[in-house]
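Peer 1: I have a structure I would like to understand better, so I am pasting it below and will then ask my questions one at a time.
The values are calculated or read from the model by the stated rules, or taken from the named source; none is laboratory data. Just so we're clear, the structure is a prediction, and the values are computed from it rather than from any experiment. Glycine gets a Cβ as well: all are built from the backbone with ideal geometry, and neighbour counts include every protein chain shown.
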Amino acid sequence: MNLHDNAGRGPGVIAPDGCAVDVYAMIGDTPERAAVVAGVCPPGGSVLDLGCGAGAIANPLARDGFRVVAVDESAAMLARVTGAETVHADIVELALGERFDVVLLASFLFSLAGDELRRGFLASCRRHVADGGRVVLEWRNADWWDAVGPRLGERAGVQQVHRGIVRDGDVLTLTEKYIHGDREWEHRYAVHRITDERLGDELSAAGLEFDSWLTDDRRWLSARPH
């Protein structure tokens, strides 16, 4: 399964991976996530944000003085990015011809991708990270995968509901519903169960090695080229 097997519906533009552009624009920037990335990047350093969406991380990093190149396959998402250079491209096929202090793959894209696509993501990360740089991943670890159930939450006035959770082998599918006023969106997607051991193996196969957990909940990690 790849990201284009995901399905989204609702008002406004829906990105190729099923994400609703208006929802991510309303949720807005996430400076707390940007701070994780900033913590491993030299002051004023360069960051390549792969799958940047509406700029939730790229925008605050750019405001804080980092040079950010934001990549996404959705032109509508890129139109919401401010302060960063934007590149409309597929992550796997990307070849910018330069390397960055930090290459970022956030929004759990590592866990949402099937095996072949995940290898392509990691190859692009390795291709673009500088010697001595870091690859930063935001992922769903196996503990999250085993425990997740229906839930109700809210971000920036947007209600979020997890429902319709189905586990089949190492693949979990769920529907995330977003509600804002009288508008509703649905996004059905898959999350792959990846153990710590498998994570290490896949990093190694891509020419990377695990460096450290960046948050106590192990949602964020860094890897180095080898």
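Peer 1: Take the residues in the stretch 84-110 that are out of contact with any helix residue (DSSP H, G or I) (no Cβ under 8 Å at 6 or more places or on another chain) and in contact (Cβ under 8 Å) with a residue 40 or more places away in the chain, then tell me which one is nearest to ILE57 (Cα to Cα).
Peer 2: SER107
Peer 1: Now for a different question. Of the residues ARG218, ARG198, ARG224, which single one is closer than 24 Å to ARG127 by Cα, of a type outside the set (Ser, Thr, Tyr) and not in a strand (DSSP E or B)?
Peer 2: ARG198
Peer 1: Have a look at VAL136, VAL103, VAL129 and point out the one that is of a type outside the set (Lys, Arg), more than 19 Å from GLU93 (Cβ to Cβ), assigned by TED's automatic domain parsing to the domain that holds GLY39 and in contact with a Leu (Cβ under 9 Å, 6 or more places away or on another chain).
Peer 2: Only one candidate qualifies: VAL136.
Peer 1: Out of the residues in the stretch 130-139 that are surrounded by fewer than 23 Cβ atoms within 10 Å (Cβ to Cβ) and in contact with a helix residue (DSSP H, G or I) (Cβ under 9 Å, 6 or more places away or on another chain), which is nearest to GLY44 (Cα to Cα)?
Peer 2: This residue is GLU138.
Peer 1: Can you confirm whether VAL171 is surrounded by fewer than 19 Cβ atoms within 10 Å (Cβ to Cβ), more than 27 Å from ALA25 (Cβ to Cβ), outside the structural domain of TYR24 (by TED's automatic domain parsing) and in contact (Cβ under 8 Å) with a residue 40 or more places away in the chain?
Peer 2: Yes; evaluated as a whole, the condition is true for this residue.
Peer 1: Assess whether ALA113 counts as being in contact (Cβ under 8 Å) with a residue 24 or more places away in the chain, closer than 15 Å to LEU48 by Cβ and small (Gly, Ala, Ser).
Peer 2: Against the criterion (in contact (Cβ under 8 Å) with a residue 24 or more places away in the chain, closer than 15 Å to LEU48 by Cβ and small (Gly, Ala, Ser)), ALA113 does not qualify.
Peer 1: Follow-up. Give VAL69, VAL13, VAL81, VAL47 a once-over and let me know the one that is in contact (Cβ under 8 Å) with a residue 24 or more places away in the chain and in contact with a Lys or Arg (Cβ under 9 Å, 6 or more places away or on another chain).
Peer 2: VAL47
Peer 1: Considering each residue of the stretch 75-113, count those that are basic (Lys, Arg) and out of contact with any strand residue (DSSP E or B) (no Cβ under 9 Å at 6 or more places or on another chain), and give that number.
Peer 2: Looking only at that region, the number is 1.
Peer 1: I'd like to verify a number: residues in the stretch 79-117 that are assigned to a helix (DSSP H, G or I) and charged (D, E, K, R), how many?
Peer 2: Looking only at that region, the number is 2.
Peer 1: If you go through the stretch 28-36 one residue at a time, do you hit one that is of a type outside the set (S, T, N, Q), surrounded by fewer than 19 Cβ atoms within 10 Å (Cβ to Cβ), over 19 Å from THR175 (Cα atoms) and over 17 Å from the mean Cα position of the chain (by Cα)?
Peer 2: No, there is no match, as no residue in the stretch 28-36 is of a type outside the set (S, T, N, Q), surrounded by fewer than 19 Cβ atoms within 10 Å (Cβ to Cβ), over 19 Å from THR175 (Cα atoms) and over 17 Å from the mean Cα position of the chain (by Cα).
Peer 1: Identify, from the list ARG127, ARG188, ARG155, ARG163, the residue that is within 17 Å of ASP17 (Cβ to Cβ) and surrounded by fewer than 20 Cβ atoms within 10 Å (Cβ to Cβ).
Peer 2: That would be ARG188, the only listed residue that is within 17 Å of ASP17 (Cβ to Cβ) and surrounded by fewer than 20 Cβ atoms within 10 Å (Cβ to Cβ).
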